[in-house]
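The values are calculated or read from the model by the stated rules, or taken from the named source; none is laboratory data. Note that the structure is predicted; figures quoted are calculated from it, not measured. Heads up, the Cβs are rebuilt from the backbone with ideal geometry, glycines too, and the neighbour counts pull from every protein chain shown.
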Amino acid sequence: MPNPSIPSIALLGKSWIGRRGFTRTGLTSIGAAVLLFASWRPAEAQTPPQPPAAWEFYISGGWLIPTGAQRASLRGADLSAVVVSYVPRPSFAVTGTLEWARSRDLAIAREPKLDVFLCDVGAEARAHKMSMGGAWTVAPFLGIGAGTRSYNLRGLDVDTTHNLAGYGSVGGEFAIHRVHLRLEVRDYVSSFKPLAGDGKAGTRNDLVVMLGLRFVKRGDQ
C-alpha cells in the first residue's frame with residue numbers, strides 16, 4: 001500500500017524548488033526523503049533481528065565553497081565540524097552537526113575576518129556496506145536537514161546576523177578494520193542579508209565538504 005506521507009514530502013520539495021537557488025537542494029532533498037520513507041517498511045516475520053541502536057561521533061575538517069552570488073560576499077574558507085549521529089537502525093540515522101568556517105567578507109573594505117557558524121539537524125538514508133576490495137568497505141548515504149547559520153564579523157561594531165538554512169547531502173562512510181572515514185558533500189541554501197549597509201536580502205547557495213574520522217570498538221566494524 002502506498003505510504004500516505006509521500007505526497008506531503010513531494011509538495012514540500014516543490015515549494016523549495018520554486019524559490020531561486022533551491023533547485024539542486026530541492027532535488028537532492030526529495031530523493032533523500034523518498035529513500036528515507038522507503039526504508040521504514042514494516043518488518044516481516046522472518047526478518048533477522050536488527051542490531052541495537054548506536055551513536056557515532058566524528059571530528060571533521062573541510063571547506064566552505066561559495067557558489068553563484070555568494071562568491072561576491074564570502075571567501076572560500078577552511079571549516080571545522082563536529083558530527084554526532086544516532087543510528088536506531090542500519091538504514092536510518094539522525095545527525096546533528098556544528099560547523100565553524102573561517103572566512104572573510106568580500107563586500108566590505110579590507111575584507112575583514114568573518115566567522116560563519118552552522119548548526120543543523122538532519123536525517124540520513126543509508127545503504128548497506130559494499131566491498132571495495134581487500135578489507136575496505138563503503139556505505140553510501142543521502143541526507144536532508146535544516147538549521148541556522150550565523151555570521152560574525154571580527155573587530156567591527158556590527159551585530160551578528162542569524163539566518164535559516166537547509167541542505168541536501170550525499171556521502172559515504174569508508175571503513176577498514178576499526179578505522180572509519182566519513183566523506184560528505186552538502187549543498188546549502190540559506191537566506192542572506194549583507195552584514196553592513198542597506199543591501200537587499202536574498203537567497204544564497206554554497207557547498208560544504210567534510211571529511212571526518214572515528215574509531216569503532218573491536219568487533220563492531
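A single member of Gly147, Gly143 is within 28 Å of Leu106 (Cα to Cα) and in contact with an Asp or Glu (Cβ under 6 Å, 6 or more places away or on another chain), and it is Gly147.
Inside the range 158-174, can you point out the residues that are touching a Leu at 6+ places or on another chain (Cβ under 8 Å) and modelled with pLDDT of 95 or more? The answer is Ala165, Gly168, Ser169, Val170, Gly171, Gly172, Glu173, Phe174.
Within the range 162-212, if we keep just the residues that are among the β-branched types (Val, Ile, Thr) and under 14 Å from the mean Cα position of the chain (by Cα), the residue that is farthest from Leu74 (Cα to Cα) turns out to be Val170. Screening the candidates Gly155, Gly197 for the property of being closer than 30 Å to Arg110 by Cβ, touching a strand residue (DSSP E or B) at 6+ places or on another chain (Cβ under 9 Å), of a type in the set (Gly, Ala, Ser) and modelled with pLDDT under 95 yields one hit, Gly155. Here Thr148 clears all of (1) surrounded by 15 or more Cβ atoms within 10 Å (Cβ to Cβ); (2) under 17 Å from Ala123 (Cα atoms) except the condition numbered (1). Consider Asp206 carefully, then state whether it is buried (at least 16 other Cβ atoms within 10 Å of the Cβ), of a type outside the set (S, T, N, Q), closer than 22 Å to Gly61 by Cα and touching a helix residue (DSSP H, G or I) at 6+ places or on another chain (Cβ under 7 Å). Yes, satisfied.
Residue-wise test of (1) closer than 23 Å to Leu156 by Cα; (2) crowded, with 20+ Cβ neighbours inside 10 Å; (3) at pLDDT 90 or above.
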position	(1), (2), (3)
Leu35	no, no, no
Ala38	no, no, no
Gln46	no, no, no
Pro52	no, no, no
Ser73	yes, yes, no
Val83	no, yes, yes
Thr95	no, yes, yes
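Asp120 meets the conditions (1) at pLDDT 95 or above; (2) assigned to a loop (DSSP other than H, G, I, E, B) in every case but one. The failed one is (2).
Cβ-Cβ contacts under 7 Å between residues 6 or more apart (or on different chains), taken from a first residue in the range 102-123 that is more than 23 Å from Ala146 (Cβ to Cβ) and without any contact (Cβ under 8 Å) to a residue 40 or more places away in the chain to a second residue that is crowded, with 17+ Cβ neighbours inside 10 Å and polar (S, T, N, Q), are listed as Leu106/Ser73. Screening Arg110 on (1) modelled with pLDDT under 95; (2) of a type outside the set (Gly, Ala, Ser); (3) within 30 Å of Thr160 (Cβ to Cβ); (4) surrounded by 15 or more Cβ atoms within 10 Å (Cβ to Cβ) shows it passes everything except condition (4).
From (1) crowded, with 18+ Cβ neighbours inside 10 Å; (2) under 13 Å from the mean Cα position of the chain (by Cα), pick out the condition that doesn't hold for Trp63. For Trp63, the exception is condition (1).
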